[in-house]
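Following: one structure in structure tokens, then a few remarks.
The values are calculated or read from the model by the stated rules, or taken from the named source; none is laboratory data. Computed from a predicted structure; not experimentally measured. Cβ placement follows ideal geometry from the backbone for every residue including glycine, while neighbour counts extend to all protein chains displayed.
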Amino acid sequence: MSEDFDKEYWEKRYGGQGEPGGHGGHAGHGGQGARTSPQLLAEASDLEPGTALDAGCGEGGDSLWLASRGWRVKAVDLSETALGRGRERAAAQGPEIADRITWEQADLTRWAPPEGHFTLVNSQYVHTTGSLRDLLARLAAAVAPGGTLLFVGHHPGDEQSTHDRGHDAHVHFTAPELAADLDRADWEVLVAEDRSHRVTRPDGREFSMRDAVIRARRLR
């Protein structure tokens with residue numbers, strides 16, 4: 001597995017010394033900056049607001065969208081630079097948004113959120129030096145009964161991310177294979193599929209990304 005995705009890597013990336021700023025410091029959200037993930041828009045728009053964990057929040061695009069819809073959000077990322085930008089964006093939108101988000105610096109490779117606490121756990125395109133299966137298990141444990149887990153990442157057939165970072169194959173997965181780790185006695189898997197979406201680079205060029213999308217509801 002890659003040793004590149006440590007705190008120094010992400011601080012350099014968000015500080016402009018590495019690749020262009022992404023959307024999650026463990027994390028990319030696919031290089032979408034502070035925009036909201038299209039898969040969050042697709043899967044969470046119908047949910048009643050509650051408590052949310054945005055794991056690998058990057059510059060806060062998902063956290064800001066959730067807060068604007070009435071969620072109380074814990075936004076967690078490895079990069080202090082990314083978190084600082086998220087705080088600034090939240091403050092610029094006023095206290096009705098900023099006061100709904102708590103920002104926390106943590107390494108998702110080891111960090112364990114409180115169990116059974118959140119009505120939504122959102123994780124988008126997370127890149128860690130650890131196991132995705134281990135991360136999924138810790139994030140799933142944080143979902144309250146009746147709550148939703150939304151876990152999105154790069155499909156192995158995503159040519160763009162494979163081309164950009166061919167060394168990080170351990171962060172690519174197919175939705176069905178990873179969703180199989182969720183105990184069906186505890187989970188109803190609502191979505192486990194591959195999807196594509198268009199991304200526009202800062203220079204205006206567009207390309208297609210292939211995502212692996214898991215949405216599941218905790219039964220107990």
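Points to keep in mind about this one:
- Candidate set: the range 141-178, residues that are among the hydroxyl-bearing types (Ser, Thr, Tyr) and over 20 Å from GLU48 (Cβ atoms); chosen: the one modelled with the highest pLDDT: THR174
- Residue among GLY16, GLY21, GLY30 that is at pLDDT below 60, closer than 22 Å to HIS172 by Cβ and either surrounded by fewer than 24 Cβ atoms within 10 Å (Cβ to Cβ) or touching a helix residue (DSSP H, G or I) at 6+ places or on another chain (Cβ under 7 Å) (or both): GLY21
- Evaluation of GLY86 against the conditions (1) buried (at least 23 other Cβ atoms within 10 Å of the Cβ); (2) out of contact with any Ser or Thr (no Cβ under 7 Å at 6 or more places or on another chain); (3) not β-branched (Val, Ile, Thr) shows that the sole unmet condition is (2).
- With respect to (1) modelled with pLDDT under 95; (2) surrounded by fewer than 24 Cβ atoms within 10 Å (Cβ to Cβ), the lone exception for SER45 is condition (1).
- Within this structure, HIS127 fails the test of being at pLDDT below 95, crowded, with 22+ Cβ neighbours inside 10 Å, in contact with a Ser or Thr (Cβ under 6 Å, 6 or more places away or on another chain) and closer than 23 Å to TRP65 by Cβ.
- Enumeration of residues in the range 54-82 that are surrounded by 24 or more Cβ atoms within 10 Å (Cβ to Cβ) and out of contact with any Ser or Thr (no Cβ under 8 Å at 6 or more places or on another chain): GLU59, GLY60, SER63, LEU66, ALA67, VAL76, ASP77, LEU78, SER79, ALA82
- The range 196-220 residues that are within 18 Å of HIS127 (Cβ to Cβ) and without any contact (Cβ under 8 Å) to a residue 60 or more places away in the chain, paired with ones that are among the charged types (D, E, K, R) and surrounded by 10 or more Cβ atoms within 10 Å (Cβ to Cβ) (beta carbon under 8 Å, 6 or more apart): ARG210/ASP158; ARG210/GLU159; ARG210/ASP194; ARG210/ARG195
- The set of residues in the range 179-202 that are in a loop (DSSP other than H, G, I, E, B) and modelled with pLDDT under 80 comprises ARG201, PRO202.
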